[in-house]
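What follows is one structure encoded as structure tokens, with my remarks underneath.
The values are calculated or read from the model by the stated rules, or taken from the named source; none is laboratory data. Small disclaimer: the values here were computed from a predicted structure and weren't measured. Counting neighbours? That spans all protein chains shown, and the Cβs are built from the backbone with ideal geometry, glycine included.
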Amino acid sequence: MKKIGILNSEISSVISELGHTDLIVICDAGLPIPSHVKRIDLALTPGTPSFLETLAAVLTEMQVEKAYWAHEAKEKNGLLLQSGQELLQGAEQKFVSHVDLKEMTKQARAVIRTGECTPYANVILQSGVIF
């Protein structure tokens, strides 16, 4: 049994396979996920697991150089956005429209669906390198 870090085998596997600039998505329960992209569905009940706890867990193992958020999150979910940005300190953070963010998910290696049920609780993480 794995001793530390993420216990979910699918998430652990995807992170270990990421190369520089590969994308993964952490999303709320309502974001549409393209059928050709690997879906890692963690949603158990509304709110479980939360977006922020999932993001924090992923960040223990993933080197992130850039994060993409929807502009709409600033107005519709500012507290979650602020907390997420704090977790991603050190990474470049960009804003795109929610429509563009959904389009970008088509290029992701995987989408991790949480039980989060608040609007615009979505982020695309671009993998960095540790050297």
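From the list A73, A67, A108, A91, which one is surrounded by 16 or more Cβ atoms within 10 Å (Cβ to Cβ) and either among the hydroxyl-bearing types (S, T, Y) or closer than 17 Å to R39 by Cβ (or both)?
Working: A73 fails: either among the hydroxyl-bearing types (S, T, Y) or closer than 17 Å to R39 by Cβ (or both); A67 fails: either among the hydroxyl-bearing types (S, T, Y) or closer than 17 Å to R39 by Cβ (or both); A91 fails: either among the hydroxyl-bearing types (S, T, Y) or closer than 17 Å to R39 by Cβ (or both).
Going through A73, A67, A108, A91 in turn, just one is surrounded by 16 or more Cβ atoms within 10 Å (Cβ to Cβ) and either among the hydroxyl-bearing types (S, T, Y) or closer than 17 Å to R39 by Cβ (or both): A108.
Every residue, every condition in (1) of a type in the set (A, V, I, L, M, F, W, C); (2) within 16 Å of I11 (Cα to Cα), yes or no:
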| residue | (1), (2) |
| --- | --- |
| S50 | no, yes |
| M62 | yes, yes |
| E72 | no, no |
| E75 | no, no |
| L88 | yes, no |
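If you go through the stretch 115-122 one residue at a time, do you hit one that is of a type outside the set (S, T, Y), in a loop (DSSP other than H, G, I, E, B), in contact with a Cys (Cβ under 6 Å, 6 or more places away or on another chain) and buried (at least 16 other Cβ atoms within 10 Å of the Cβ)?
As a first pass, look at the stretch 115-122 and keep what is of a type outside the set (S, T, Y): 115-117, 119, 121-122.
Narrowing the set further to residues that are in a loop (DSSP other than H, G, I, E, B) leaves 115-117, 119, 121-122.
Next cut, in contact with a Cys (Cβ under 6 Å, 6 or more places away or on another chain) only: 122.
Applying the additional criterion that residues be buried (at least 16 other Cβ atoms within 10 Å of the Cβ) yields 122.
Yes, the stretch 115-122 contains a residue that is of a type outside the set (S, T, Y), in a loop (DSSP other than H, G, I, E, B), in contact with a Cys (Cβ under 6 Å, 6 or more places away or on another chain) and buried (at least 16 other Cβ atoms within 10 Å of the Cβ).
Could you list, in sequence order, the residues of the stretch 35-49 that are in a loop (DSSP other than H, G, I, E, B) and either surrounded by 14 or more Cβ atoms within 10 Å (Cβ to Cβ) or at pLDDT below 95 (or both)?
V37, L42, A43, G47, P49
Tell me which residues, restricted to the stretch 67-89, are in contact (Cβ under 8 Å) with a residue 12 or more places away in the chain, under 22 Å from D22 (Cβ atoms) and not in a helix (DSSP H, G or I).
A67, Y68, W69, A70, L88
In the stretch 80-101, what count of residues is obtained for those that are farther than 11 Å from Y68 by Cβ and out of contact with any helix residue (DSSP H, G or I) (no Cβ under 9 Å at 6 or more places or on another chain)?
Looking only at that region, the number is 6.
Read through the list (1) part of a helix (DSSP H, G or I); (2) closer than 16 Å to R109 by Cα, then give the number of the only condition that L52 fails.
Looking at each condition in turn, L52 falls short on (2).
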